[in-house]
Amino acid sequence: MIIAIDGTVSSGKSTAAKNVARELGLLYINTGLMYRAVTAYCLKCGVDTKDKEKVAALANELRIDLVSEPDGQHALANGEDLTAECKGPLVSEAVSDIADNVKVRERLVAEQRRLGLEARPGAVMEGRDIGSVVFPDADIKFFVTAPPEVRAHRRYLEFKENGKNVPEEEVLRSVLERDKRDRERPVGALIKLPEAIPLDTGDLTREEVTAKIVEHVKKYESGS
Ligand code: DC
């Protein structure tokens, strides 16, 4: 079974995907982390993330493994754990360059399909183009979002928790910028597919989001 969870930045889709996978005994695959791992590897090797050919060549030779650890999913690039770098500001700033690179996308999409098809009894795959490109035949698709102000507030609180005081208006600007880039990407753009179940997480707790997705999946499985 493949469950596709696409959605906007800071919509709560990662937490939901992780929890749904745990609850249903499926493999959780964070595809954004794969784009981040390629970015972290480029930065480590001193490759300009805007140099499309060089990045594509590097990505072609790169083996990315996603490993589940007690503290969450880790990304290994050629065996090296780059998870900490993947979450850092340098990678967050440059990752859109990598996600815009058509050749990198081809390579990662192929890898994501392999991971999904090998997963037994299935996978919860989270990203932007899972339902549209990676698994158009996914058993069930979700489109997760929340109003930009709500998502910006969540990010603002996260920054604050980590000791960073970024003005909320600045966070909102960056959320809107990321949305635009995600929606306007020439390949693998974020879209709301007609068959995807919409989920606005604005007024929901994490537990409620997980419960709603699980409920839809159980309904789907029972054929009702
Ligand atoms: O979900 P995230 O913020 O960790 O994703 C990192 C970047 O990768 C972000 O720019 C969106 C992009 N991405 C993508 O283009 N396609 C995916 N399937 C997953 C993420």
Enumerated helices (runs of 4 or more DSSP H) restricted to region 1-83, each holding at least 3 residues that are open to solvent by 30 Å² or more (accessible area, probe 1.4 Å) and either in contact with a strand residue (DSSP E or B) (Cβ under 9 Å, 6 or more places away or on another chain) or modelled with pLDDT under 95 (or both): 13-24, 31-45
Which numbered condition MET125 fails, given (1) open to solvent by less than 80 Å² (accessible area, probe 1.4 Å); (2) part of a helix (DSSP H, G or I): (2)
Elements of type helices (runs of 4 or more DSSP H) in region 129-224, at least 1 residues being in contact with a strand residue (DSSP E or B) (Cβ under 7 Å, 6 or more places away or on another chain): 206-222
Matching residues in region 97-124 - criterion: being near the ligand (Cβ under 8 Å from one of its atoms) and under 12 Å from the mean Cα position of the chain (by Cα): ALA99, GLN112
Pair list, Cβ under 6 Å, 6 or more apart: region 96-110 residue within 22 Å of LYS180 (Cβ to Cβ) and outside any helix (DSSP H, G or I), other residue at pLDDT 95 or above and within 10 Å of the ligand (Cβ to nearest atom): ASP100/ARG185
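Are any residues in region 144-160 acidic (Asp, Glu) and modelled with pLDDT under 95, and if so, which ones?
Residue satisfying the conditions is GLU158 alone.
The values are calculated or read from the model by the stated rules, or taken from the named source; none is laboratory data. Small disclaimer: the values here were computed from a predicted structure and weren't measured. Here Cβ is always computed from backbone atoms with ideal geometry, including for glycine, and neighbour counts include all displayed protein chains. For the accessible areas, the whole protein counts, side chains as well, though only heavy atoms, and no ligand, DNA or RNA atoms are used. Shrake-Rupley method; radii C 1.70, N 1.55, O 1.52, S 1.80 Å.
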